[in-house]
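Notes for the one structure printed next.
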Amino acid sequence: MRACAGCKRKGENEEFIRFVEFEGRLLPDLTRKLPGRGYNVCPTYKCIKDFIKRKFRGKKNPDEIYSQTVKALKDYILHLISLCHKTGITVIGQDEIKKLKRPEGVLILAEDLSPRTKERLKRENWLTLEDLFTSEEIGNAIRKDRRVGALFVEKTGLGRKLYENARKLKSLNPSQREGPQSF
């Protein structure tokens, strides 16, 4: 059990984003391997802001740290998508995804996919990430020479790690947070 450095809520390690002060910089440690003093923080803008105010008393900019965290999570998720595709636990394309009967996983929908198509692909038990990546970014992540508008990743093996990080990114909710947008 760990506690959030922002709101003091208790939870398991996987529920939090770990931040490390390393060489004078505050960095999100998504793989939990960086050296230095680590702080566990709930994946919400409010907790990140409260944590920075409490621990750094104006020396760090919460909006800058938040933006860095969202960017790092997005990059890490694209990296995990690439690894998941190499291990064969991804399903690409709308027609193939519609046929799926899998109970759990992550559905990634490109921002340039039509709203109607997005609604047809969603399932109740799937964690859905939409409007965070373009179809070109998803295609590049899986090393395809084409755009990929919809991708499903099973919640097994590396897919479990992708699922956990996707939940964190979704709870950060970059499109609807309070304060100025900087990305």
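The values are calculated or read from the model by the stated rules, or taken from the named source; none is laboratory data. Just so we're clear, the structure is a prediction, and the values are computed from it rather than from any experiment. Here Cβ is always computed from backbone atoms with ideal geometry, including for glycine, and neighbour counts include all displayed protein chains.
Would you check if there is a residue in the stretch 90-106 being within 30 Å of I48 (Cβ to Cβ), without any contact (Cβ under 8 Å) to a residue 40 or more places away in the chain and of a type outside the set (V, I, T)? Scanning the stretch 90-106 turns up no residue that is within 30 Å of I48 (Cβ to Cβ), without any contact (Cβ under 8 Å) to a residue 40 or more places away in the chain and of a type outside the set (V, I, T). Condition (residue is in the same structural domain as R167 (by TED's automatic domain parsing) and on the phi > 0 side of the Ramachandran plot) applied to the stretch 33-51: is it met by at least one residue? Within the stretch 33-51, none of the residues are in the same structural domain as R167 (by TED's automatic domain parsing) and on the phi > 0 side of the Ramachandran plot.
Assessment of the stretch 132-144 against the conditions (more than 19 Å from the chain's Cα centre (by Cα) and farther than 25 Å from L30 by Cβ) yields no matching residue.
The number of residues in the stretch 43-61 that are farther than 30 Å from E136 by Cα and either in contact (Cβ under 8 Å) with a residue 40 or more places away in the chain or touching a strand residue (DSSP E or B) at 6+ places or on another chain (Cβ under 6 Å) (or both) comes to 9. Taking the stretch 1-63 and the strands (runs of 3 or more DSSP E) fully enclosed by it, the elements with 3 or more residues that are closer than 20 Å to K168 by Cα and not hydrophobic (A, V, I, L, M, F, W, C) are at 38-41.
Would you mind stating whether D50 is acidic (D, E) and buried (at least 18 other Cβ atoms within 10 Å of the Cβ)? Against the criterion (acidic (D, E) and buried (at least 18 other Cβ atoms within 10 Å of the Cβ)), D50 qualifies.
Taking residues in the stretch 21-39 that are touching a residue at least 60 places away in the same chain (Cβ under 8 Å), and partners anywhere that are surrounded by 14 or more Cβ atoms within 10 Å (Cβ to Cβ), the pairs with Cβ atoms closer than 8 Å and at least 6 places apart or on different chains are L30/I17; L30/R18; L30/A72; L30/L73; L30/Y76; L30/N165. For the stretch 119-135, a tally of residues being farther than 11 Å from I97 by Cβ and in contact (Cβ under 8 Å) with a residue 24 or more places away in the chain returns 7. Residues considered: T69, T87. Of these, the only one that is in contact with a helix residue (DSSP H, G or I) (Cβ under 9 Å, 6 or more places away or on another chain), in the same structural domain as L129 (by TED's automatic domain parsing) and closer than 30 Å to E154 by Cβ is T87. Scanning the stretch 143-167 for residues that are farther than 20 Å from E14 by Cβ, surrounded by fewer than 17 Cβ atoms within 10 Å (Cβ to Cβ) and modelled with pLDDT of 90 or more yields a count of 1.
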